[in-house]
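Heads up, the thing below is written out as structure tokens.
Nothing in this text is a laboratory measurement; each read-out follows from the coordinates by a stated rule. The structure displayed is predicted, hence computed values, not measured ones. Methodologically, a virtual Cβ is constructed for each residue, glycine included, from the backbone with ideal geometry; neighbour enumeration extends over all protein chains shown.
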Amino acid sequence: MPATPLARLTAAAACLAAAAAPAPRHQTIDHLRADLSHEMAAKLARLAGYLREWHEGRFRGDDAREATAILDDIRRLFLRNARLAAATFSSFGQLVEVIALTVDLRRHLIAAARAAAADAPALAAAERLAPALAARSRRLVEALSARHGVRFTELVGAAAEEIRREAGAAGARGVPVVIDSADGGVAVWVPRADAARWSDLLRNFLRNALQAVEERVEAPGAAAADDDTRRGEQPAVGVRLRPAPSGGGTCVEIVDDGVGMTDEQVASMWRDGRSRHGDGHGQGLTQAKRVFLEERAALDVRSVPGVGTRIRVELPSRDVTFRPPRRLASPPLVAPGVLVLGLLAIAAGQLDHPEMESITVQDLHVVIALDRGGDPIWQRTMPDRVLSNGRSTINRPDTSMTVTVPPLIFRDRQGRSLAIIATAPQRGPGLITAFDKRGRVAWEHPLRWTEPLVDPGEIHTGKLITVFAAASVWNDGGVPVIVIGVRDDNWASTAIQFLSEEGRTLGEYLHPGTLEYFGSEDYDGDGRIEILLNGYNNGARNAPLYWSGAPLGGGVYTTCLLMLETPTVDGQAFPGTRWATAPPAREEAYLLVPPLLEENFTKVESTALDRLPMSRPDSTGAVRMELFVADGRVYRLNGDLRPVTCGVGDNTPAAALAPTQPVAPLLYFRDGVAEHIPLLVERGS
């Protein structure tokens, strides 16, 4: 039964107001479904109980008040998630219909309560509206959930059905694909962004299993062998779904009665271009897919030649975190204004200058600003060499020594764009130049050290360059800032400087050794923006707090990972002896990673950081990180970069030495306070 037009109009106004209200920074599927599915089911069941009792003539004086209070609770629960529904017109329309049904149902409940007993026509209307409200509510909950996540069991079932269709179309030799589901893991969701990769991986497993069974059926003497070993059974591929034995997750097993694999073949199954058929085959399973799987689930492969193979994937229950759409990303909120803006844009015609969307550099001196369509807006030839805009080499896609991005386009508080171009002469310090969208110089910022050196053993060339420029936020006031990494040309020291939109220096963090820019976001879940950097500290080697052994010579660079939070950025990093007047820094977090062996102090490649995958496992918003060190150590860090455990990768130096400890404890700073963390490096951690 649909809602009335007047109820829809009332509901639309309420939904628009709720969608425009402030929304939480993060939401999770579990929280969403707890509100709109589990909580809603209890309230709708109680409401149905009231209607059933009224229909039987059992009407109490407080029933109407309690029933309307339940409807008000339902309305509040759905309106609390109005911003999520406003991501598309479709889901927003569903929300409006649900709220409209509560409006109509409330009106009929009040009408039924005006008499001493329930009014028959009003009660009949309420009995028709209540099931419609329940059905619409369920559809809306599924629509909101499916936008951000997918049930893992649905992916398994869909992959199995697809392989069944492929096998039938290809005339597979009577090999059945059997799904045995005990409803395991129905509530286990995976992020929508991971769904395609999970589906691809499951299809790879199933195709390989089907092919292995077909090869066994076709093999000479296969029929006789099967008669001896499995009389009356037809070789098949089985897909079993069960709850995870550890609880709180799901387990899928893909079992085949195929030709099986040797231990060597199992070990090489993830090698791209290598399969049981030799080189040039096996393009499906790759090392990248294995990394994807093992970061999210536990994998176990067991196979016996001539018997078959079992692949077991155990997926723990992890909540899926997502961000509600911003107001400007909500079509129902912006559609009315879009029409007005479109008319204004047409009227303005060519009066406004196109905005810069990207910057390209040619021949190290020519800077070209491009619009959204890739057409040039302006071009400038710089007298000095344009410097590259670097990024962290962690997580780099290949073995490149550097990672670069185009020059920064910075948006100020008014949304105006500035092209930030860094240049350097043959000698002397470099220069930051900001160009507006018409190619005019908005301001210039010469590079310089703000603090004098105190360590006579450190020699600086005076040729200051930038290694990166990125956009971030100055937390006091929430204004945009430019973050630049200024380095002496001999890599000895780095200054992380924070510039305002006018080019003024707001703060400076001094560091002995080079630093790379990883990213800028709220990593620790406190609602404030942090800057994440990594690099090497070349001043810690003989600081007793870090190393109390025999003095170390030159060429010792200690791997570090750090996080800065504005405005508390001024000062110099540990050991605090390089700059004369700069106070000790109070980083949000700072981590020094010593080598496993003393002889590796001079082998910087042994402690290089290889990867830093992150996830947000709960509604607090804090990330969890896994820090992969080149020697094989895998540190699990919380959102404050504090190490919690240390495991090892397979076939790595760390695995060969484990259980062990580094030559010195990890040195961790939080808000300027030092802490030694003597974590054991062990297998299975």
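Between ALA120 and THR360, residue separation times 0.36 nm minus the direct Cα-Cα distance comes to 79.0 nm.
Across all directions, the average flat footprint of the convex hull enclosing the Cα atoms of the chain is 40.9 nm². Summing charges over neighbours of THR494, with a neighbour being any other residue whose Cβ is under 12 Å away from its Cβ, gives -2 when K and R count +1 and D and E count -1. Helices of the chain meeting both criteria, an alpha-carbon length of 20 angstrom or more along the long axis and an average Kyte-Doolittle score not below 1.6, with helices taken as full DSSP H segments, are 331-348. If you take every residue apart from GLU161 with its C-beta less than 13 Å away from the C-beta of GLU161, what net charge results, scoring Lys and Arg +1 and Asp and Glu -1? Summing Lys/Arg as +1 and Asp/Glu as -1 gives 0.
So if we plug the beta-carbon distance of VAL301 and ALA656 into 1/(1 + (r/R0)^6) with R0 = 30 Å, what FRET efficiency do we get, rounded to 0.05? Approximately 0.80, to the nearest 0.05.
By the beta-carbon count within 10 Å of each Cβ, the least crowded to most crowded order of TYR523, TYR590, fewest first, is TYR590, TYR523.
Highest mean packing first, where packing is the average number of other Cβ atoms within 10 Å per residue, the peptides 255-265, 241-251 line up as 255-265, 241-251.
When LEU140, LEU545 are arranged by Cβ crowding within 10 Å, least crowded first, meaning fewest neighbours, the order is LEU545, LEU140. Stretched out straight at 0.36 nm per residue, the stretch from GLU451 to GLU294 would grow longer than its current Cα-Cα span by 51.8 nm.
Within the same chain, aspartates and glutamates fewer than 8 places from LYS289 are excluded, and of the rest, those with a Cα less than 14 Å from its Cα are ASP194, ASP200, ASP272.
Using R0 = 51 Å, the C-beta based FRET efficiency linking ALA34 and VAL479 works out to 0.85.
The GluC sites (Glu not before Pro) of the range 1-63 that meet both conditions, a loop assignment by DSSP and at most 16 other Cβ atoms within 10 Å of the site Cβ, are GLU56. Taking a spot 7 Å from the Cα of GLU66 along the direction of its beta carbon, which residues of the range 8-51 have an amide N less than 20 Å from it? Residues passing the 20 Å test: 39-51. Computed from label points 7 Å out along Cα-Cβ, the spacing between ARG128 and GLU56 is 2.5 nm.
Over the chain, DSSP H runs of length four or greater, each weighted -39,500 (n - 2.57), average out per residue to a 222 nm ellipticity of -9500 deg cm²/dmol. A Förster radius of 30 Å, combined with the Cβ-Cβ distance separating ASN638 from VAL663, puts the computed FRET efficiency at roughly 0.80.
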